[in-house]
Amino acid sequence: MSLFRLLIAAHCALLLSAQPRPYEIFRTPSPIQIDGKLDEPAWQQAPSVGDFQFPWFESGTREQTVAKLLWDDNYLYVSWQAQDKHISAYVTERHGPVSKDDCVEIFLSPNPAKVRNYYTFEINAIGAMLNRNRADWWTGPPTWEPEGMLYRTSFHGLPKKDEDPTDNGWIVEAAIPLKNFARDAAHTPPHEGDQWRLNLQRLGGRTNAQLSSWASFPPGVRSFHTPEVFRPVLFRHHPPTANVASAETILAGREIYNRSCTMCHGPDGAAGDRGPALAARRRYLRTTEQQLFEAIKQGIPGTLMPSSPLPEADVWKMVAFIRSLRATAFETPVSGNPAAGESVFLGKGRCSTCHMVNGRGGLVGPDLSNIGAERSLRYLTEALTTPRPHIPPGFQPVDVVTTAGQRLRGTLKNEHNFSLQILDHAGALHLLTRDEVRTITYGTRSPMPTDFDKTLTRPEFDNVVAYLSRLARQPDAPRANRRRP
Ligand code: HEC
Ligand code: HEC
C-alpha cells in the first residue's frame, strides 16, 4: 500500500470515529429555474452545507462559499455563491483546464459503499465545464458527457472574465439529471434516507488562488480526487423548513429594538412618527438579512435612519426579529406533515371542492396554489378558525330570483350598475342584466367554514396548515387566473 493510501486509510478510521452529521438534501417544493440567480424561495430556505475549509492555506484572503443542494424526481440541484473580489476566467473549451480559473466543483459518489465510483463536475466563472466519470465500470475516454445537464453562471458565455475592482462575488446554479447515476445509486429518484457521499470545492483563479473545500483533508493529502474524504448526504422527501432564527433570538431582538429604535419607528416594528413600519404589508426596499444588517449598522444615507453603535451580535438579533415580522408561512418552520395535510385537503376537509391548487379543484373559493408565499402562518391558521368581519369581494354568496322565475344560488363574482355575474353551485357562470333580476338576497356568511379546529383532529389541522404553508410558486411564474372567473 502506498503512503498516500495509508494516510487515507488512517484518516478514514478517524473520520468513522467522528463522523460529521450528514447534510440533508431536501426535496424542492417548487420548480427551480436554472438562470444563475438563486431567487426561488426554495433556495432561500435550503440550508447551506456550512463553511468551506482551506486545507492547504498559505496566505491571502480566505473567501467563503455558500453551497446548497436540493433535489426532485429528475434532478440534483446544486448552487454555489462565491464571495470573491478577484474573479477571472479564460478557459472556454469543453473539458478544458477550468480549474486554472475561478472555478467551482462537485465530486459525487452515489454509492457510499463504493466511494471510488465518483463523478466530477468542474465549472468556471464563464461557464466552461469539465466532467469525468471515475466509476470502475467506465470504459470510455478520460472525460465524460453527462446527459441533460443544465447550468448557468454569473458570467455565463463571456469570452473571458478579467479581474475588476467592482468584483464582489459570483454564482453557479446547476441541475444535474439523476439518471446519470442510475448505475451506482440505490434508487433513481432516491428514496427517503438514501445516502450518497460528495464534496464541493472551489479554486481561486490566477489571483488569490485559494483552494477550499467542504470536506477536510488529512495532513499530507493534497488532491481533491480523494473520495475517501467525501461527506455523507441524506435525501429527504420533505421540503426544507426555514432556517429561521430561534424564538429566543427573535425575542431578544425584539427587546433590543423596542429599547433602541422606537423614538422613530413604532413599537414592535409598527410605523412611528419618524420612521416607517418595518412589518407592514408593503414592498420592502431591503429584504435580505445582509441588507437589513447594513441598513441598521451603517444607517441609510440621505435619510433620518442613523447608524447604530450597538454590537454586531445585537444588530443580528434585531435582523432576526424584523425578518420574523415579515416571514411568509413558507419561510416559517411548521410542525405538521405537508403530505398528510394534502390528504386532508382532498379528503376529510373537503377543501378541494371549493379551492383550486395547481389547476385541480373547485372555484367557489380562491386559488390556493401560492398561498404559502403570500400569507403568514398566523393568517392561515386564522382563515381556518375565525370568520372574517367582511366577506372579501368575489366570494359573496347570493340568492337570486330572475324575472323569468328562475332561482340561482351561488357566488357573486362581479357586480356592475347594469349587470351581475353569478357562479352557481354547479360551477356554471350566469350573466344577468339588472332588469332580468327580480330579487337578490346577499348571504351574511362566507362559504368558507371556520370551525376546522373542531371538525378536524389536532394532527389533521396541523398537517393541513403545513400543506398550505408549502404551497409556493416560483417567484416569476405566470399567475394565470388567480381569481376566477
Ligand atoms: C432618527 C430616526 C430613526 C431611528 C432612531 C431609527 N430609524 Fe430606522 N429608519 C428611519 C427612517 C426615516 C427610515 C426610512 C429610510 C428610507 O427612506 O429608506 C428607516 C428605515 C429603516 C429600515 C429599512 C426599512 C426597509 O425595508 O427599507 C430598517 C430595517 C430600520 N430602519 C431599522 C431600524 C432599527 C433596527 C433601528 C434601531 C437600532 C432604527 N431603525 C432606528 C428612521 C430611524
Ligand atoms: C364550501 C366551500 C369552501 C370549503 C369547503 C373550504 N373553503 Fe376555504 N374559502 C372559501 C371561500 C369562499 C373563501 C374566500 C372567502 C373568505 O375568506 O371567507 C375561502 C378562503 C380560504 C382561505 C383564505 C385565502 C386568502 O387568500 O385569504 C384559506 C387559506 C382557505 N380558504 C383554506 C381552506 C382549507 C384549508 C379548507 C379545508 C380544510 C377550506 N378552505 C375549505 C370556500 C371554502
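The values are calculated or read from the model by the stated rules, or taken from the named source; none is laboratory data. All of these numbers come straight from a predicted model, not from anything done at the bench. Here Cβ is always computed from backbone atoms with ideal geometry, including for glycine, and neighbour counts include all displayed protein chains.
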Query raised in the report: Within the stretch 84-119, which residues are free of Cβ contacts under 8 Å to residues at least 40 places away in the same chain and of a type outside the set (A, V, I, L, M, F, W, C)?
Result: 93, 94, 96, 97
Query raised in the report: Looking at this structure, is residue 78 assigned to a loop (DSSP other than H, G, I, E, B) and at pLDDT 90 or above?
Result: no
**Report entry** Among the residues listed as 400, 357, 334, 344, the single one being within 9 Å of ligand 2 (Cβ to nearest atom) and crowded, with 19+ Cβ neighbours inside 10 Å
**Finding:** 344
Query raised in the report: Taking the stretch 233-257 on its own, how many of its residues are surrounded by fewer than 16 Cβ atoms within 10 Å (Cβ to Cβ) and modelled with pLDDT of 85 or more?
Result: 1
Query raised in the report: Looking at 473, 438, which is the one that is in a strand (DSSP E or B) and surrounded by 12 or more Cβ atoms within 10 Å (Cβ to Cβ)?
Result: 438
Query - Index of the failed condition, residue 301 passing every other in (1) more than 16 Å from ligand 2 (Cβ to nearest atom); (2) in contact with a Cys (Cβ under 6 Å, 6 or more places away or on another chain) - result: (2)
Query raised in the report: Do you know which residues across the stretch 347-381 are of a type in the set (Ser, Thr, Tyr) and either within 16 Å of ligand 1 (Cβ to nearest atom) or within 21 Å of residue 451 (Cα to Cα) (or both)?
Result: 352, 353, 376, 379, 381
Query - Test result for residue 332, outside the structural domain of residue 456 (by TED's automatic domain parsing), out of contact with any Ser or Thr (no Cβ under 6 Å at 6 or more places or on another chain), among the hydroxyl-bearing types (Ser, Thr, Tyr) and closer than 30 Å to residue 455 by Cα - result: yes
Report summary line: Considering only strands (runs of 3 or more DSSP E) wholly within the stretch 153-229, the ones with at least 3 residues that are within 27 Å of residue 339 (Cβ to Cβ) are 169-177, 195-204
Requested in this report: Determine which single condition residue 271 fails, assuming it passes every other condition in (1) at pLDDT below 90; (2) within 30 Å of residue 43 (Cβ to Cβ).
Outcome: (2)
Query raised in the report: Condition test on residue 386, is it at pLDDT 85 or above, more than 16 Å from ligand 1 (Cβ to nearest atom) and more than 26 Å from residue 237 (Cβ to Cβ)?
Result: yes
